[in-house]
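Here's the structure we're looking at; comments come further down.
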Amino acid sequence: MTQVSHVRATPTEIEFELLGNLARARGTTVESASAQDLYQALALTVRDHLIDRYIRTTKAHYEANPRFVYYLSAEYMLGRQLGQNLLYSGTADVARSALEALGVDPAEVAALDVEPGLGNGGLGRLAACLLDALATSDIPAVGYGIRYDFGIFKQEFRGGAQAERPDDWAYYGNPWEFRAPDDQQHIGFYGSTEPAGGNRAVWTPGETVLGEPSHMLVPGYGTGTVNIIRLWRARSAPESFDLSQFGAGRYGEAVEAMVRSGTISAVLYPDDSTELGRELRLKQQYFLVACSLRDIIRRYRLRNDGWDAFADKVVIQLNDTHPVIAIPELMRILVDEEGLAWEQAWSITRRVFAYTCHTLLPEALETWPVGLLRRLLPRHLEIIYLINHVFLQEVAALYPGDADRLRRLSIIEEGGEQRVRMAHLAVVGSFAVNGVAALHSRLLTETTLRAFAEMMPRQFHNVTNGISPRRFLLVANPGLTRLISARLGGTDWLRDLDRLAELEAAAGDPDFRARWRAVKRRNRQDLAAHALSEAGVSLDPDALCDVMIKRFHEYKRQLLRVLHVIVLYHRIKRGDLTGVVRRSVVFGGKAAPGYHAAKRVMLLANTVAEVVNADPDVAPYLKVAFLPDYNVTRAELIIPAADLSEQISLAGKEASGTSNMKLALNGALTIGTLDGANVEIRDRVGADNFFLFGMDATEAAALRAGPYNPRTYYELDEELRAAIDAVVGGPFACEGADLLVGELLTRDEYLTLADFRAYVDCQDRVAEAWRDQEEWTRRSIRNVARSGFFSSDRTVQDYCRDIWRVEPVPPGRD
Ligand code: 26Y
């Protein structure tokens, strides 16, 4: 180990700072520091290197008094902070040398960096990619969210079934955040309302909770901007601790209200499929919104007076319906607290909010029972009724006598128990609505939100999702990043992803292709090491790395992927090598804990993996690795290794998908349906470089509409029959397999059997293509060269131009 005296003799700046932080923040020295001490001190040191930029950004924002984007989201999947912040602050190399000089293994320290898993999946990661792009594009923006004590559960497999463990992510402290208790907010719930003249009322809440913010830095890449994300944590108001109960020895009762307050931010709902209908979830939503709106108004008032300029200085993007209660909340603040007339308040509100919809699935559209709202947020319910009343009058004037249209457009769903349709409230209270891929935006206006699109067509937009090339290339795939940078001359392309087009010519350069393949192989080796230690599966680094990473959902059709694996297994067993090349089939993804149908597919995938991997006849050709606990950190390991990207959802169901973009930008070719953003990926990379199969959205809808008999496919397709039979009584039998197959043969809601043959044949074409490695590499390079469009920088530009109308405020560089 290097002597500290030696370090003192030649202290680099970072070493000096690190030792300083070790002493001042951790109260220790390098000799006695634990790995955790070193990690925390390093994190603080790196954070310090972003602080000057943050201060300069806030100064520039203060001076310019610009229009700000406020992004409201119940979820953020930020990924690990250390690697990113080292790279964005330009301290990666010096920090490494400093640690090494201190005799510390950088990898060991970096391994302690914990990913804040404050989201479920695509929607949460999209929020993080947009924040990254906003900062990189110098757009004044703040992300607001909840600082859940427990993030998305940790996934383990027990006997192949998913088991969930709590994720106490900040147990050792989160060095990346700044607590700001002085900006705390008081948030009311329950209670009653009293009319106060006109449309005003006084709401007297029955319970008050404190919202305490902390912020994390969101640095831009290659620019001076450092924005923030502000996350709220619920605390009990001091008066909720009942000292007299405590004095009387009733400790449980004494702290009851305190504990209840804290539960609001205790856990992320690990559900992205169905509406849970739980009071706590609505409480969370209101908590997020009420804290954030107050903070937005506080910030507005730093440089502005009155309300006239509010809608010019503030745009609030609602990330799906989860924060939509912000609309009546702003109305309540303006009308009840600020004394504005209803019409004026409504005009401000409708110029402030914009809404992004992320789904087409009816079951994912949130509705809240009127009874619950009346109890929890009585004033908000009154406001929602009034908004609806005024809105339906407009509708009636536009479409006289059209009662059916009134019913379809109403914010209140009638029939049985009344419910508030949050998507309708969002559309009515926003100036813009957008879908997240071209097909999705079109289907929204033709199906889910059709009546609204007919009434206010100009309000509807498409903004195709994007991903951060910094996170998914620079951080995740340094090998490919270096190779591209060498070809393009520097790293500027990471801020201007269209420049990837310059790689087009490189596809014809045999030397470049060889280096490209070497990078991919290296990445597959890294993945293989992980698969061995985490799943006990040994993967061949030369095998085709065939990846399906996403939440487990029936519509995404992981089951189709599993059926194809069984087909390959059967072929190999009988010595028919049609469509067989050496393949590593990699799965990653979690299922909502209560989503039993998805969990059955997961158990089947693990069962198939176990049988396949244990079979010596099959092992040379096929391995299946289900890597547990898929998250952003695992994504950064899997995506760079991938050769084939599985995007096989039933057409018309996946709003966009974003793993499709991440994988394409890392050189994987896509096998996919015409769903979500796959359509645009194919348009850009070219039909020759995309393995297309299956029904399109129109065909799927038509098949669904008529009588559909999945059993016919089973009876007519021998390979399909063999695969399904092997699940019921055969080698892949597992718990719930009978239910799964029963559903498949009788209902097959997601038309898995109808697309089966097309998929298997398409996989045969994949295998054929893989045999020609030179040609495959050409296609891989072309995929990357043509995917610059899928940068979240472009997504942010689209939002800025079409929806937000905000301008960059560059703070100047270091
Ligand atoms: C209200 C509750 C049930 C709920 C919780 C989470 C509903 C939905 C969600 C999350 C949805 C989600 O992640 N949607 C995904 O958003 C991505 C980003 O736009 C899309 O790429 C992806 O297709 C979509 O499924």
Practice task
Given the conditions (1) crowded, with 18+ Cβ neighbours inside 10 Å; (2) among the basic types (Lys, Arg); (3) under 15 Å from ARG233 (Cα atoms), report the number of the one that LYS154 does not fulfil.
Solution key: (3)
Exercise for the section: May I ask you to list the residues in region 515-548 that are within 22 Å of ASP772 (Cβ to Cβ), assigned to a helix (DSSP H, G or I) and without any contact (Cβ under 8 Å) to a residue 40 or more places away in the chain? Expected result: ARG515, ALA518, ARG521
Practice task
Only residues in region 744-768 that are under 16 Å from ASP675 (Cα atoms) and in contact (Cβ under 8 Å) with a residue 12 or more places away in the chain count as the first member; pair them with residues that are in a helix (DSSP H, G or I) and small (Gly, Ala, Ser), Cβ under 7 angstrom, at least 6 apart or cross-chain, and list the lot.
Solution key: LEU751/ALA700
Handout entry: Candidate set: region 498-508, residues that are charged (D, E, K, R) and exposed (fewer than 15 other Cβ atoms within 10 Å of the Cβ); chosen: the one farthest from THR795 (Cα to Cα)
Key = GLU504
Handout entry: From the options ILE152, ILE139, residue that is more than 29 Å from ILE14 (Cβ to Cβ), away from the ligand (no atom under 16 Å from the Cβ) and assigned to a loop (DSSP other than H, G, I, E, B)
Key = ILE139
Practice task
Under 8 Å between Cβ atoms, at least 6 apart or on separate chains: pull out the pairs that start in region 693-706 with a residue that is outside any helix (DSSP H, G or I) and end on any residue that is charged (D, E, K, R).
Solution key: PHE693/ASP755; PHE693/ASP761; GLY694/ASP755; MET695/ASP755
Handout entry: Some residue of region 577-585 being at pLDDT 95 or above, buried (at least 23 other Cβ atoms within 10 Å of the Cβ) and under 24 Å from TRP169 (Cβ atoms)
Key = no
Exercise for the section: Output yes when any residue across region 320-332 is over 24 Å from ASN465 (Cβ atoms), within 16 Å of the ligand (Cβ to nearest atom), over 20 Å from the mean Cα position of the chain (by Cα) and among the acidic types (Asp, Glu), and no when none is. Expected result: no
Exercise for the section: For region 747-763, state whether one or more residues are closer than 21 Å to LEU577 by Cα and of a type in the set (Val, Ile, Thr). Expected result: yes
Practice task
Go through (1) within 16 Å of the ligand (Cβ to nearest atom); (2) more than 30 Å from ALA785 (Cβ to Cβ); (3) hydrophobic (A, V, I, L, M, F, W, C) and name the single condition ILE467 misses.
Solution key: (2)
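Quick grid of which residues meet (1) assigned by TED's automatic domain parsing to the domain that holds LEU282; (2) in contact with a Ser or Thr (Cβ under 6 Å, 6 or more places away or on another chain); (3) more than 24 Å from THR223 (Cβ to Cβ):
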site	(1), (2), (3)
GLY27	no, no, yes
TYR39	no, no, yes
ARG47	no, no, no
GLU75	yes, no, yes
Problem - Residues of region 403-439 satisfying the condition of being more than 16 Å from the ligand (Cβ to nearest atom) and in a helix (DSSP H, G or I) - result: ALA403, ASP404, ARG405, LEU406, ARG407, ARG408, LEU409, VAL427, VAL428, GLY429
Fill in the blank from the handout: Checking GLY657, GLY594 in turn, the sole residue that is touching a residue at least 40 places away in the same chain (Cβ under 8 Å) and crowded, with 21+ Cβ neighbours inside 10 Å turns out to be GLY657
Exercise for the section: Go through GLU338, GLU363, GLU343, GLU394 for me and flag whichever is of a type in the set (Asp, Glu), surrounded by fewer than 19 Cβ atoms within 10 Å (Cβ to Cβ), at negative phi and within 16 Å of the ligand (Cβ to nearest atom). Expected result: GLU363
Exercise for the section: Might you let me know whether region 28-45 holds any residue that is within 16 Å of the ligand (Cβ to nearest atom) and buried (at least 18 other Cβ atoms within 10 Å of the Cβ)? Expected result: no
Completion exercise
Counting only residues in region 291-319 that are over 23 Å from the mean Cα position of the chain (by Cα) and β-branched (Val, Ile, Thr), the one surrounded by the fewest Cβ atoms within 10 Å (Cβ to Cβ) is identified as ILE297
Handout entry: Residue check, ARG574 over 19 Å from ASP629 (Cβ atoms) and either in contact with a Ser or Thr (Cβ under 8 Å, 6 or more places away or on another chain) or touching a residue at least 12 places away in the same chain (Cβ under 8 Å) (or both)
Key = no
Exercise for the section: Within region 613-662, track down each residue that is more than 30 Å from ARG574 (Cα to Cα), hydrophobic (A, V, I, L, M, F, W, C) and in contact with a His (Cβ under 8 Å, 6 or more places away or on another chain). Expected result: LEU637, ALA655
Practice task
Please give the number of the condition VAL69 fails out of (1) at pLDDT 95 or above; (2) within 30 Å of VAL142 (Cα to Cα); (3) buried (at least 18 other Cβ atoms within 10 Å of the Cβ); (4) not assigned by TED's automatic domain parsing to the domain that holds LEU131.
Solution key: (4)
Practice task
Run ALA664 past the list (1) of a type outside the set (Ser, Thr, Tyr); (2) within 16 Å of the ligand (Cβ to nearest atom); (3) farther than 16 Å from LYS556 by Cβ; (4) part of a loop (DSSP other than H, G, I, E, B) and report the number of the one that doesn't hold.
Solution key: (4)
Handout entry: region 411-449, residues that are surrounded by fewer than 17 Cβ atoms within 10 Å (Cβ to Cβ), over 23 Å from the mean Cα position of the chain (by Cα) and free of Cβ contacts under 8 Å to residues at least 40 places away in the same chain
Key = GLU414, GLY415, GLY416, GLU446
Handout entry: Residues (of a type in the set (Asp, Glu) and either in contact with a Leu (Cβ under 9 Å, 6 or more places away or on another chain) or within 16 Å of the ligand (Cβ to nearest atom) (or both)) located in region 542-566
Key = ASP546, GLU554
Handout entry: Given (1) surrounded by 15 or more Cβ atoms within 10 Å (Cβ to Cβ); (2) in contact with a His (Cβ under 9 Å, 6 or more places away or on another chain), number of the condition TYR144 does not satisfy
Key = (2)
Practice task
Determine if region 721-728 includes at least one residue that is free of Cβ contacts under 8 Å to residues at least 12 places away in the same chain, in contact with a helix residue (DSSP H, G or I) (Cβ under 7 Å, 6 or more places away or on another chain) and more than 30 Å from ASP542 (Cβ to Cβ).
Solution key: yes
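The values are calculated or read from the model by the stated rules, or taken from the named source; none is laboratory data. Everything numeric here is computed off the predicted structure, so don't read it as measured data. When we count neighbours, we look across all protein chains shown, and the Cβ atoms used for this are built from the backbone with ideal geometry, even at glycine.
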